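**Student:** Let me give you the structure first, and then I'll get to my questions.
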Amino acid sequence: MTVQLLQGNRACALGALAVGCRFFAGYPITPSSEIAEIMSRELPRLGGKFIQMEDEIASIAAVIGASVGGLKAMTATSGPGFSLMQENIGYAVVAEIPCVIVNVMRAGPSTGLPTSPSQGDVMQARWGTHGDHPSIALAPSSVSEAFDLTVAAFNFAEKLRMPVFLLMDEVVGHMRERVDLVEVEPQDIVNREMPTVPPEWYEPFGNPPSDVPPLAPFGEGYRFHVTGLLHDARGFPTSRLDEIQPWVERLFRKVERSQDEICMWEADGVEDARVLVVAYGSTARSARQALKIARARYGRKVGLLILKTLWPFPEQIVAETAENVQRVVVAEMNLGQIALEVERVVGRSKVLRVGRADGQIVTPDQIVDAMRAP
Amino acid sequence: MKRHDQGTYEYLRHHKKFPHLWCAGCGIGIVMGSLLRSVQNLELEQDDVAVISGIGCTGRMPVYLDFNTMHTTHGRALAFATGLKLARPEMEIIVVMGDGDALAIGGNHFIHAARRNIDMTAIVVNNNIYGMTGGQSSPTTPLEATTATAPYGHVEQPFPICELAMAAGASYVARSTVYHVTELDKLVEQAIRKNGFAVVEAMSYCHTTFGRANNRRTPAENMRFLKEASITQRAAEKQEADSLEGKIVRGVLRDEELPEFTDLYDQVIERAHGPITPRKRRVRRGWV
């Protein structure tokens with residue numbers, strides 16, 4: 001592929017198309033609308049389907065319906081829309097339907113600051129829908145990562161049969177960067193597993209060794225029932241403990257088993273660091289600059305851990321990386337959502353939070369000050 | 001000689017899910033029968049049929065049927081169905097909803113599906129109440145009825161489901177009752193055959209909740225009510241508007257040829273992509 005100047009939202013859309021997304025249903029909302037607009041133009045070119053639904057609830061419902069029909073499907077929104085989608089996200093979790101939900105985060109709560117960035121929906125991506133459930137959320141910090149992590153999001157969704165969140169922030173979504181996108185090769189594309197048994201034997205919610213049952217599309221000869229009620233291996237509602245308990249365990253286990261593959265990060269100078277900065281999304285870029293300043297101006301031994309996967313939280317990586325440091329600075333555009341997780345893993349006394357929820361980016365100076373604070 | 005209903009028995013997940021959960025005397029089973037007899041008469045392949053529902057007693061229908069079935073979230077069935085239809089336009093999609101599911105929480109999706117005139121069948125089983133949760137008011141509960149959330153009398157006007165559907169753009173709109181089964185069968189079959197958004201309002205009753213609170217405690221009393229309170233459209237046309245107060249008008253209220261959404265989107269794909277292979281469209285009996 002050629003070098004181009006690309007907007008983050010556009011890179012996300014292109015990543016989706018490259019990995020095989022052929023359905024988008026969405027609703028306009030700043031700062032994500034570009035994704036819908038680009039999909040509306042590109043999908044019919046590829047014989048795919050785009051529809052602007054009447055609201056975000058209908059959008060995620062249509063995405064799930066299309067995925068059940070066999071298409072890789074996606075929607076994109078921001079905070080208020082993400083809140084609306086939670087109920088149907090839970091449906092996708094329980095019915096184990098692959099799909100990707102992009103949240104280009106803006107300052108909240110409520111209408112908030114529609115054109116200003118935040119990272120305020122991180123905990124919501126973990127626990128937004130009611131009930132106990134696992135979650136996968138990826139956070140790109142550059143335009144090129146917006147492409148790559150959208151591809152990864154689809155692959156995880158298809159492999160593990162669940163909704164996957166791509167948490168961009170308004171900065172990454174709207175910025176333009178020079179990128180040299182690489183073709184997504186067929187061997188890099190993960191598709192949901194098809195059943196290999198005849199329809200009479202098919203268990204759409206069974207217990208295979210992989211913990212992820214194959215998912216046949218509707219209309220191909222496999223007829224089954226999809227419901228949000230807790231169900232047995234065949235998809236039929238049940239309240240039997242001996243069916244529900246294994247199902248709940250499998251729902252979590254299927255993600256836990258792939259933890260190493262799902263957790264992506266980047267580390268810089270962490271081997272001998274005394275101070276570690278943990279950041280993600282556009283804040284990671286401020287953190288990189290802060291690192292340069294700290295090393296050049298103050299000669300500090302500082303390290304940076306950029307999280308590309310927020311959920312499941314990469315506990316082991318954080319624990320190992322922070323083991324020998326004196327201080328962990330967690331910088332984010334919220335008042336301490338990932339910081340809570342870091343504190344849980346490394347101990348509160350070691351962690352200093354740099355957070356803001358006012359629609360402004362965390363600046364390099366803020367991070368440097370935190371690294372240097374007594 | 002094979003009994004007529006033996007054929008439809010084949011469409012049930014009878015060895016997996018029965019006995020069903022509905023009260024003895026409920027009208028939902030009759031609507032389910034109309035649906036199955038229509039599928040049978042239209043000679044549809046089971047793999048080509050999807051039945052999608054929302055939440056409520058009507059929402060419990062799809063699990064009993066050996067088709068591609070989805071039991072979705074409250075009020076959102078039409079939105080799920082829209083996604084499935086776009087992914088699988090050749091499938092016959094039948095969406096079954098109660099009056100609360102379709103017109104309260106689902107009201108927005110109802111009018112937009114009608115606006116798009118997207119090819120699917122929406123069967124709204126209207127029992128004027130929220131039965132599953134114990135008899136609370138619904139958007140079609142009549143004025144002055146007693147319900148679990150209107151113990152002093154319901155003081156809201158009901159939605160006219162069919163008029164709403166027509167105003168929103170549905171190309172086929174019809175109404176019957178679970179007493180008038182032969183007529184209901186015909187309307188459901190026409191609705192499925194229709195290439196467009198087809199609404200069938202199936203007037204029913206919930207003797208268990210609404211009935212007990214409003215002096216119609218038995219299924220028989222409710223059937224008698226449906227019989228006596230309803231009037232055919234042809235007869236209604238000859239009467240004065242005010243004498244139709246409280247009457248259920250039965251028949252096909254609209255059947256027009258209007259542009260259908262997935263057909264129009266195929267044109268969009270042609271504009272963007274160039275000529276495409278026409279999608280395989282099943283031949284329906286008596287209709288190409």
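**Student:** Mind checking which aspartates and glutamates have their Cα closer than 15 Å to the Cα of A:K292? Skip sequence neighbours fewer than 8 apart in that chain.
**Tutor:** Candidates past the 8-residue exclusion: A:D268, A:D365, A:D369.
**Student:** Under the Karplus relation 6.51 cos²θ - 1.76 cosθ + 1.60, θ = phi - 60°, what is the ordered set of whole-Hz ³J(HN,Hα) values for the range A:343-357, x standing for Gly and Pro?
**Tutor:** Each residue of the range A:343-357 in turn: 4, 4, 8, 9, x, 5, 5, 8, 9, 10, 8, 10, x, 8, 9 Hz.
**Student:** Here's a follow-up. Quick one: Cα centre-to-centre distance for the range A:163-221 and the range B:186-207, in angstrom?
**Tutor:** Distance between centres, Cα-based: 36 Å.
**Student:** For the range A:251-308, report the convex hull volume of the alpha-carbon atoms normalised per residue, in Å³, without decimals.
**Tutor:** Spelled out: Cα convex hull of the range A:251-308, divided by residues, is 83 Å³.
**Student:** Size of the range B:152-288 along its principal axes in angstrom, Cα-based, largest extent first?
**Tutor:** 63, 34, 33
**Student:** Using a Gaussian network model of chain B whose springs link C-alpha atoms within less than 10 Å, name the residue from B:G54, B:G274, B:G246 with the highest mean-square fluctuation.
**Tutor:** Answer for the Gaussian network model of chain B: B:G274.
**Student:** For the protein assembly as shown, how big is the tail of P(r) above 46 Å, as a whole percent of Cα pairs?
**Tutor:** The share of Cα pairs beyond 46 Å in the protein assembly as shown comes to 25 percent.
**Student:** Quick one: which residues, 5+ away or cross-chain, put their amide H under 5 Å from the amide H of B:R13? H built at 1.01 Å from N.
**Tutor:** Distant-sequence amide H within range of B:R13: B:L65, B:D66.
**Student:** Under the definition of partner shielding as Cβ atoms of other protein chains within 10 Å of a residue Cβ, what is the mean value for peptide A:215-224?
**Tutor:** For peptide A:215-224, the averaged partner shielding equals 5.
**Student:** From the cross-link list A:K72/B:K16; A:K308/A:K350; B:K16/B:K227; A:K254/A:K350; A:K72/B:K17, which pairs have alpha carbons spaced over 28 Å apart?
**Tutor:** Table pairs above 28 Å Cα-Cα are A:K72/B:K16; B:K16/B:K227; A:K254/A:K350; A:K72/B:K17.
**Student:** Moving on to the next point. Straight-line reach from B:K194: which lysines have a Cα under 26 Å away, not including same-chain ones fewer than 8 places off?
**Tutor:** In chain and number order, the partners are A:K49, B:K85, B:K186, B:K280.
**Student:** Enumerate the amide H contacts of B:I52 below 5 Å, restricted to partners 5 or more residues apart or on another chain; note that Pro and chain-start residues carry no placed amide H.
**Tutor:** Under 5 Å from the amide H of B:I52 lie the amide H atoms of B:M70, B:I94, B:V95, B:V96, each far enough along the sequence or on another chain.
**Student:** Give me the mean projected area, in nm² to one decimal, of the convex hull enclosing the Cα positions of the range B:177-249.
**Tutor:** 6.0
**Student:** Just to confirm my numbers, what's the Cα centroid distance between the range A:261-333 and the range B:128-182 in Å?
**Tutor:** 59
**Student:** Just to be sure I understand the curve: with the Debye formula and one point per C-alpha of chain A, what is log10 I(q)/I(0) at q = 0.12 Å⁻¹?
**Tutor:** Listed by q, the Debye log ratios stand at -0.88.
**Student:** In whole Hz, with x marking every Gly and Pro, tabulate ³J(HN,Hα) for the range B:170-184 from phi via Karplus 6.51 cos²θ - 1.76 cosθ + 1.60, θ = phi - 60°.
**Tutor:** 5, 8, 9, 9, 8, 9, 8, 10, 6, 7, 8, 5, 4, 5, 4
**Student:** How many partner chain Cβ atoms sit within 10 Å of a residue's Cβ in peptide A:228-238, on average, as a whole number?
**Tutor:** The per-residue average across the peptide is 3.
**Student:** Moving on to the next point. Other chains' Cβ within 10 Å of B:86-94 residues: what's the mean?
**Tutor:** If you average over the peptide's residues, the count of other-chain Cβ atoms is 5.
**Student:** To continue, here is another question. How much length is gained if the chain between A:S110 and A:Q52 is pulled fully straight, taking 0.36 nm per residue apart and subtracting their Cα-Cα distance, in nm to one decimal?
**Tutor:** Full-extension gain reported as 18.7 nm.
**Student:** What do you get when you divide the Cα radius of gyration of the range A:99-178 by 2.2 N^0.38 Å, with N the number of residues?
**Tutor:** 1.12
**Student:** How large is ³J(HN,Hα), in whole Hz, for each residue of the range A:122-127 in order, when computed from phi with the Karplus curve 6.51 cos²θ - 1.76 cosθ + 1.60 and θ = phi - 60°, using x for Gly and Pro?
**Tutor:** 5, 5, 5, 5, 7, 10
**Student:** Which value in Å is the Kirkwood Rh of chain B over different Cα pairs?
**Tutor:** 19.4
**Student:** So if I average 1/r over every pair of distinct C-alpha atoms in the range B:131-176 and take the inverse, what Kirkwood radius in Å does that give?
**Tutor:** Result for the range B:131-176 stands at 12.0 Å.
**Student:** Top mean-square fluctuation among B:S243, B:S53, B:S171, Gaussian network model of chain B, C-alpha springs under 10 Å?
**Tutor:** So, out of B:S243, B:S53, B:S171, the one fluctuating most is B:S243.
**Student:** Between the DSSP loop rule and a limit of at most 10 other Cβ atoms within 10 Å, which GluC sites (Glu not before Pro) in the range A:224-304 are left?
**Tutor:** A:E271
**Student:** DSSP beta bridges in chain B, what fraction antiparallel, as a percent rounded to 5?
**Tutor:** Approximately 20 percent, going by the DSSP bridge assignments.
**Student:** So in the range B:132-288, what percent of DSSP beta bridges are antiparallel if you round to the nearest 5?
**Tutor:** Within the range B:132-288, antiparallel bridges account for around 40 percent of the total.
**Student:** If neighbour count is taken as other Cβ atoms inside 10 Å, put B:K186, B:K247 in order from fewest to most.
**Tutor:** So the ranking, lowest neighbour count to highest, is B:K247, B:K186.
**Student:** Taking neighbour Cβ counts within 10 Å as the exposure measure, how do A:I367, B:I269, A:I244 sort from fewest upward?
**Tutor:** Lowest count first: A:I244, B:I269, A:I367.
**Student:** Determine the equivalent ellipsoid of the range A:63-110 by diagonalising the alpha-carbon gyration tensor, then write out the semi-axes as square roots of 5 times the eigenvalues, largest first, rounded to whole Å.
**Tutor:** Semi-axes from the Cα gyration tensor: 22, 11, 7 Å.
**Student:** Here's a follow-up. How high is the FRET efficiency from A:A319 to A:E261, r the C-beta distance, R0 22 Å, rounded to 0.05?
**Tutor:** E between A:A319 and A:E261, to the nearest 0.05, is 0.75.
**Student:** So for each of B:73-84, A:119-130, B:225-236 I average, over its residues, the number of other beta carbons within 10 Å; can you give me the resulting order with the highest mean first?
**Tutor:** So the peptides B:73-84, A:119-130, B:225-236, ranked by packing, come out B:73-84, A:119-130, B:225-236.
**Student:** Can you list the residues, at least 5 places off or on another chain, whose amide H is less than 5 Å from the amide H of A:R106, using H built in the peptide plane?
**Tutor:** A:G79, A:S118
**Student:** Next up: Could you list B:T149, A:T363, A:T111 in order of exposure, starting from the residue whose Cβ has the fewest other Cβ atoms within 10 Å?
**Tutor:** Starting with the residue having the fewest Cβ neighbours, the order is A:T111, B:T149, A:T363.
**Student:** Over the Cα atoms of the range B:1-71, each weighted equally, I'd like the Debye log10 I(q)/I(0) at q = 0.12, 0.20 Å⁻¹, rounded to two decimals.
**Tutor:** Relative scattering, expressed as log10 I(q)/I(0), comes to -0.30, -0.86.
**Student:** Also, quick follow-up: Using Stokes-Einstein with the Kirkwood hydrodynamic radius over Cα pairs, what translational diffusion coefficient do you get for the range A:3-188 at 25 °C and a viscosity of 0.890 mPa s, in µm²/s rounded to a whole number?
**Tutor:** For these conditions, the coefficient is 156 µm²/s.
**Student:** Follow-up. Can you divide the C-alpha Rg of the range A:266-372 by 2.2 N^0.38 Å and report the result to two decimal places?
**Tutor:** With N residues counted in the range A:266-372, Rg over 2.2 N^0.38 Å equals 0.94.
**Student:** Counting only DSSP beta bridges with both residues in chain A, what percent are antiparallel, rounded to the nearest 5?
**Tutor:** So the antiparallel bridges in chain A amount to around 30 percent.
**Student:** I'd like the FRET efficiency for A:F252 and A:V197, computed as 1/(1 + (r/R0)^6) with the beta carbon distance as r and R0 of 25 Å, rounded to 0.05.
**Tutor:** The calculated FRET efficiency here is 0.45.
**Student:** Can you give the extra length, in nm with one decimal, that the chain gains between B:R271 and B:T232 once fully stretched, where that is 0.36 nm per residue apart less the Cα-Cα distance?
**Tutor:** 9.5 nm
**Student:** While we're here: Gaussian network model of chain A, Cα springs within a sub-10 Å range: biggest mean-square fluctuation belongs to which of A:P214, A:P117, A:P199?
**Tutor:** Result: A:P199 has the largest fluctuation of those listed.
**Student:** Turning to a different aspect of this structure: For the range A:130-238, just the Cα atoms, rotate onto the principal axes and tell me the three extents in Å, largest first.
**Tutor:** Dimensions of the range A:130-238 along the principal axes of its Cα atoms: 52, 35, 26 Å.
**Student:** Treating each Cα of the range B:54-172 as an identical point scatterer and ignoring solvent, apply the Debye formula and state log10 I(q)/I(0) at q = 0.14 Å⁻¹.
**Tutor:** Results for the range B:54-172 at q = 0.14 Å⁻¹ read -0.58.
**Student:** To test your reading of the geometry: what angle, between 0 and 90 degrees and rounded to tens, separates the Cα axis of helix B:261-273 from the longest principal axis of chain B?
**Tutor:** With rounding to tens, the tilt is 30 degrees.
**Student:** Separate question: How high is the relative contact order of chain A, given as a whole-number percent (alpha carbon pairs under 8 Å, six or more residues apart)?
**Tutor:** Relative contact order here is 16 percent.
Each value in this text was obtained by applying a stated rule to the coordinates, not by laboratory testing. Everything numeric here is computed off the predicted structure, so don't read it as measured data. Every residue, glycine among them, receives a Cβ derived from its backbone with ideal geometry; neighbour counts consider all protein chains shown.
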